[in-house]
Amino acid sequence: MNLATGAVEHLVKLIADESRLDAKIRDTQAALTLVKKRVSESLAQHYISTREPKIQLPEDLMREEQSYERLLQALQDMKSEIAKQIRPVEEQIIQANVEHLRQTFAQESRRLSKCLEEIDDNILACRQYLQDYERVRTSLYGLNDKLVQLGAESIAVPDGLPSADLGEIIHQRIEQMRSQGKL
């Protein structure tokens with residue numbers, strides 16, 4: 001992300017430069033408009049007072065107007081150059097964001113796969129618990145037989161599972177937990 005941070009800082013600087021340049025362009029355009037207005041007013045007054053048929057612009061007014069126009073053109077050129085510099089920085093920022101999003105996507109995809117692995121591990125653990133359940137239940141029958149041999153009353157052994165199918169057993173246990181309000 002250092003590339004993106006540096007690019008963002010550079011972009012901020014360029015945008016600030018562009019904003020200052022825009023302000024200077026506006027100021028120069030206003031000054032140029034004022035000069036043109038003064039030239040027009042001056043010429044109008046000059047020709048009204050002299051009544052000359054031929055119009056001649058005073059040279060100092062023409063030079064002032066030309067210098068403002070050159071300054072305005074230079075500022076426009078600077079603005080274009082800043083815009084050219086901004087484009088690659090914006091592209092770097094976009095590329096850094098794309099790369100960051102791809103990395104985040106890859107991390108989240110790995111997390112999703114890990115969740116599925118955990119679900120699978122828990123299903124396999126359920127199968128082991130079901131095998132343990134049947135083994136313990138068989139052991140209880142053996143203990144019950146010994147109690148009867150010693151003259152004691154037998155004890156009720158919990159019911160066996162209704163099915164040997166893991167999916168069906170899990171489904172039945174889920175339904176039982178729902179009916180008990182646990183899910």
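The values are calculated or read from the model by the stated rules, or taken from the named source; none is laboratory data. Computed from a predicted structure; not experimentally measured. When we count neighbours, we look across all protein chains shown, and the Cβ atoms used for this are built from the backbone with ideal geometry, even at glycine. What goes into the accessible areas is simple: the full protein's heavy atoms, side chains included, and nothing from ligands, DNA or RNA. Shrake-Rupley method; radii C 1.70, N 1.55, O 1.52, S 1.80 Å.
Annotations for the structure displayed:
- Note on R173 and L147: with the Förster distance fixed at 45 Å, the Cβ-Cβ geometry gives a FRET efficiency of about 0.90.
- Counting all C-alpha pairs of segment 124-181, share separated by more than 20 Å (%): 41 percent
- Largest first, the extents of the alpha carbon coordinates of segment 99-138 on the three principal axes equal 58, 7, 5 Å.
- Net charge contributed by nearby residues that have their C-beta within less than 13 Å of Q172 (K/R +1, D/E -1): -2
- Shape category assigned to segment 74-140 from the gyration tensor of Cα positions, a/c cut at 1.5: prolate
- When each of K146/K182; K37/K84; K36/K79 is checked by Cα-Cα distance, pairs over 30 Å: K146/K182; K37/K84
- Heavy-atom surface of segment 113-175, accessible at 1.4 Å and reported per residue (Å²): 80 Å²
- Here the Karplus curve 6.51 cos²θ - 1.76 cosθ + 1.60, taken at θ = phi - 60°, turns the phi angles of segment 91-103 into couplings of 5, 4, 5, 4, 4, 5, 5, 4, 4, 4, 5, 5, 5 Hz, with x standing for Gly and Pro.
- At R0 = 22 Å, FRET efficiency that the Cβ-Cβ distance of S163 and R135 yields, to 0.05: 0.80
- Karplus (6.51, -1.76, 1.60) ³J(HN,Hα), θ = phi - 60°, over segment 161-174, in Hz, Gly and Pro reported as x: 6, x, 8, 9, 7, 4, x, 5, 5, 4, 4, 5, 5, 4
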